[in-house]
Amino acid sequence: MSNLVYTVRDVRKTVDTATNISAAVSILSENNTRVTFARGYILSKRNGRVLDIYGGLKNATQHFGELFQKMLNGDLAYLITFISGNIKEKEKDLFCYPFRYSTSDPLITKAEPFIVKNGVRMPWQMFQEGEHHLILGDEERHRRTRPFEEYSKTFPALIDIEYGPDINLVIQKLGD
């Protein structure tokens, strides 16, 4: 089993029309053979706080980390996830983009998105929010302009978003 290293950063909008993000989470998995990582964006909704559904930032981060840890077997290159939910129904939603390298060109990545709703993985009919596209574009630009190791350890510049300081959280390993 690989060791997971978490980095959680506070996020704030610089203009009112920017994407509603509460925090950004990066999880790095290093083992003897390869580096894999996951980045999650904890979204905040105008009609309530997504973090309330998860019971706070630490629980939302741990929920995301548990999903990532279960996905580490196989050919996953990296995972981008939007951590959201239905506040009225108290549903925990993870909109996942698991990227794998193309077999024909190692510079190209492909994703088959899915959703995890209350812990159950489901196919995702691709009704996407524009906010996903904006962040995915910023992520792809960040990935293509630096070596993978640097990409996996740094956060991308996001349109109209500023990162605050790292947030110190102690995350329990799966099974602890």
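The values are calculated or read from the model by the stated rules, or taken from the named source; none is laboratory data. Computed from a prediction, not measured in an experiment: that's the story for all the values here. Methodologically, a virtual Cβ is constructed for each residue, glycine included, from the backbone with ideal geometry; neighbour enumeration extends over all protein chains shown. Surface areas here come from the heavy atoms of the whole protein model, side chains and all, with no ligands, DNA or RNA. Shrake-Rupley method; radii C 1.70, N 1.55, O 1.52, S 1.80 Å.
In this structure, does Tyr97 turn out to be in contact (Cβ under 8 Å) with a residue 60 or more places away in the chain and part of a strand (DSSP E or B)? Considered against the rule, which asks whether it is in contact (Cβ under 8 Å) with a residue 60 or more places away in the chain and part of a strand (DSSP E or B), Tyr97 comes out as no.
Within region 70-84, the set of residues being of a type outside the set (D, E, K, R) and out of contact with any Gly (no Cβ under 9 Å at 6 or more places or on another chain) comprises Met71, Leu72, Asn73, Gly74, Leu76, Ala77, Tyr78, Ser84.
Any chance region 137-153 includes a residue that's loosely packed, with under 13 Cβ neighbours inside 10 Å, at pLDDT 90 or above, under 15 Å from the mean Cα position of the chain (by Cα) and not in a strand (DSSP E or B)? No.
Taken together, Ile83, Ile87, Ile115, Ile108 contain a single residue that is open to solvent by 60 Å² or more (accessible area, probe 1.4 Å) and of a type outside the set (S, T, N, Q), which is Ile108. Does region 13-23 contain at least one residue that is of a type in the set (Lys, Arg), touching a residue at least 40 places away in the same chain (Cβ under 8 Å) and open to solvent by 10 Å² or more (accessible area, probe 1.4 Å)? So far as region 13-23 goes, yes, one or more of its residues are of a type in the set (Lys, Arg), touching a residue at least 40 places away in the same chain (Cβ under 8 Å) and open to solvent by 10 Å² or more (accessible area, probe 1.4 Å).
Checked across region 114-135, the condition of being at pLDDT 80 or above, more than 16 Å from Val25 (Cβ to Cβ) and in contact with a Cys (Cβ under 6 Å, 6 or more places away or on another chain) holds for at least one residue.
Cβ-Cβ distance below 7 Å, separation of 6 or more or different chains: which pairs start in region 56-78 with a residue that is open to solvent by 40 Å² or more (accessible area, probe 1.4 Å) and end on one that is among the aromatic types (Phe, Trp, Tyr) and in a helix (DSSP H, G or I)? From residues that are open to solvent by 40 Å² or more (accessible area, probe 1.4 Å), the pairs are His63/Tyr54.
Counting the residues of region 70-125 that are among the acidic types (Asp, Glu) and more than 21 Å from Arg144 (Cα to Cα) gives 3.
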